[in-house]
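*Asks:* Provided herewith is a single structure, encoded as structure tokens, for subsequent inquiry.
The values are calculated or read from the model by the stated rules, or taken from the named source; none is laboratory data. Remember, predicted model here, so these are calculated numbers, not experimental data. Here Cβ is always computed from backbone atoms with ideal geometry, including for glycine, and neighbour counts include all displayed protein chains. Note: areas computed on protein heavy atoms with side chains; ligands, DNA, RNA excluded. Shrake-Rupley method; radii C 1.70, N 1.55, O 1.52, S 1.80 Å.
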Amino acid sequence: MNTPDILRLEDSFQIPTYAKYPIALERGEGIYVWDTDGNRYLDFYGGHCVTLLGHCPPRVVEAVQAQAATLMFYSNVVYSPVRARAAALLASMAPEGLRHVFFCNSGTEANETALKLARTWTGKPGVIATEGGFHGRTLGSLAVTWNPKYREPYAAVLPETTFVPFGDADAVARVLAGRNDIGAVILEPIQSMAGVTEAPPAYFEELRRLCDRHGVALIFDEVQTGVGRTGTFSIAEQLGVRPDLITLAKSLGSGVPVGAVLVADAIAATVKPGDQGTTFGGGMLAMAAVTATLETIRDEALMARAEAIHARLATALAPHVRAVRGRGCLLGLVLDGPARPVIARLREAGILAGGADDPNVLRLMPPLNTPDDALDTFIETFLAVYQDEAVPGA
Ligand SMILES: Cc1ncc(COP(=O)(O)O)c(C=O)c1O
């Protein structure tokens, strides 16, 4: 099938929920993907923050192939050696005190689960979320997602959420002082989609204190920051706070759909059969992918590479852009103008990068095993494209 036919068929038969790049990808290996016209792209978008080990990491491919030929699936009605290994390995890499897990299939499902667990644990239905936060599109996660474009059409059926500015612990304190029905505070420790927006560690420490004082569960949505992308398995380890629930997805299966909630021991101790469930969560194919992904990160000491990648990019790019945001392999370049044309020009030059809700932010999500020469290729190409873009007509 040629490229125009592929685009025509998807546009004809898939409902038009996505604004897509006008390329069709058919192959990936490491930091590169190839389109159906044979063009190669350096992938710093990672299929939307997914390919933390690059495309088709050999150990994951091998594990998934072997598992597919052995037992593709059975639900949680039975035990499984593959699931047992994945759960134990995930627990061994999770922050202390958060070494119980619920497996699901996506980021939004992980957040739905965390919100349910928080509600059952605290007995309180109210939720505080942050302006700018993104947590998913199913109704529970949508209720705590800020962007009115996604949320408002469904406002009538969404559970009520109180939104506060990100980074403002006093705003949380004021809400908690005036209400006793709040059971959860949910936030992305770095707001990725908003524009890789950060808050100081003191903010998170204060949130922890407030949640403890008011009997509220603190939920970190680490769907983007987790699994080692920022240099530690959970960014909570860098911030020096321990949330009650951490949600993971995206990188966890290297592209095989999987989500997980890391659950504090105290909450895990209160969960009963029937409190949550999913047919596919914890399926063998996904569990094989999780184990191989985590083993690769652990055995190749890849988390240690996150900071070096960040430093190389930030050192070279900071003098040319307004700011370089983020940590490790989650970066936001704040440009002088709109990122969209720069992203399009980069694509034409063979590099994939992402945008953000902030139109001036260009997001980079390179794999943890990106070699230095690929970082330098990005830097060189970006600077050429960006300098051209900055001079209209150049
Ligand atoms: C921070 C965050 N949370 C949750 C989600 C939802 O994950 P999923 O698309 O797997 O449902 C996303 C997706 O982009 C995300 O970035």
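One line per residue, one yes/no per condition, for (1) in contact (Cβ under 8 Å) with a residue 24 or more places away in the chain; (2) in contact with a Gly (Cβ under 9 Å, 6 or more places away or on another chain); (3) in the same structural domain as Ala249 (by TED's automatic domain parsing):
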{"site": "Gln65", "(1), (2), (3)": "no, no, yes"}
{"site": "Glu96", "(1), (2), (3)": "yes, no, yes"}
{"site": "Phe103", "(1), (2), (3)": "yes, yes, yes"}
{"site": "Ser106", "(1), (2), (3)": "yes, yes, yes"}
{"site": "Ala114", "(1), (2), (3)": "yes, no, yes"}
{"site": "Gly132", "(1), (2), (3)": "yes, yes, yes"}
{"site": "Thr138", "(1), (2), (3)": "yes, no, yes"}
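*Asks:* Here's another thing I want to ask about it. Taking region 96-114 as the search range and keeping residues that are among the small types (Gly, Ala, Ser) and within 8 Å of the ligand (Cβ to nearest atom), which one is nearest to Met287 (Cα to Cα)?
*Replies:* The qualifying residue nearest to Met287 (Cα to Cα) is Ser106.
*Asks:* Would you tally the residues in region 117-156 being within 11 Å of the ligand (Cβ to nearest atom) and open to solvent by 70 Å² or more (accessible area, probe 1.4 Å)?
*Replies:* Total satisfying the criteria: 1.
*Asks:* Ala199 passes all but one of (1) part of a helix (DSSP H, G or I); (2) open to solvent by 10 Å² or more (accessible area, probe 1.4 Å); (3) of a type outside the set (Lys, Arg); (4) within 16 Å of the ligand (Cβ to nearest atom); which number fails?
*Replies:* Condition not satisfied by Ala199: (1).
*Asks:* Test Ser92 against the stated conditions and say whether it is open to solvent by 30 Å² or more (accessible area, probe 1.4 Å) and of a type in the set (Ser, Thr, Tyr).
*Replies:* The answer is yes for Ser92.
*Asks:* Something else: Checking the structure you have, find out if any residue of region 188-195 is more than 14 Å from the ligand (Cβ to nearest atom) and modelled with pLDDT of 95 or more.
*Replies:* no
*Asks:* Sticking with this one: Pick from Leu90, Leu53: which is assigned by TED's automatic domain parsing to the domain that holds Phe382 and either within 30 Å of Val342 (Cα to Cα) or in contact (Cβ under 8 Å) with a residue 60 or more places away in the chain (or both)?
*Replies:* Leu53
*Asks:* Having 3 or more residues that are open to solvent by 30 Å² or more (accessible area, probe 1.4 Å) and at pLDDT 95 or above is the bar; report the strands (runs of 3 or more DSSP E) wholly within region 1-57 that clear it.
*Replies:* 25-29
*Asks:* Okay, moving on. Looking at (1) within 24 Å of Cys329 (Cβ to Cβ); (2) not assigned by TED's automatic domain parsing to the domain that holds Val290, find the lone condition where Asp11 falls short.
*Replies:* (1)
*Asks:* All but one of (1) out of contact with any His (no Cβ under 6 Å at 6 or more places or on another chain); (2) under 23 Å from Thr108 (Cα atoms) hold for Asp221; state the number of the condition that does not hold.
*Replies:* Here Asp221 meets the rest and fails (1).
*Asks:* Find all pairs meeting these conditions: Cβ atoms under 7 angstrom apart; at least six residues apart or on different chains; first residue within region 193-217 and over 14 Å from Gly167 (Cβ atoms) and of a type in the set (Lys, Arg); second residue modelled with pLDDT of 95 or more and buried (at least 19 other Cβ atoms within 10 Å of the Cβ).
*Replies:* Arg208/Leu218; Arg208/Val241
*Asks:* For region 293-387, which strands (runs of 3 or more DSSP E) that fit wholly inside it have 1 or more residues that are open to solvent by 10 Å² or more (accessible area, probe 1.4 Å)?
*Replies:* Counting at least 1 such residues, we get 323-327, 330-334.
*Asks:* Kindly evaluate Val78 against the criterion of being farther than 24 Å from Gly136 by Cα, out of contact with any Ser or Thr (no Cβ under 8 Å at 6 or more places or on another chain) and outside any helix (DSSP H, G or I).
*Replies:* Yes: the conditions hold for Val78.
*Asks:* Still on this model: As an exercise: evaluate Asp35 against (1) under 23 Å from the mean Cα position of the chain (by Cα); (2) away from the ligand (no atom under 16 Å from the Cβ) and give the number of the one condition it does not meet.
*Replies:* Tallying (1) under 23 Å from the mean Cα position of the chain (by Cα); (2) away from the ligand (no atom under 16 Å from the Cβ), Asp35 fails exactly one: (1).
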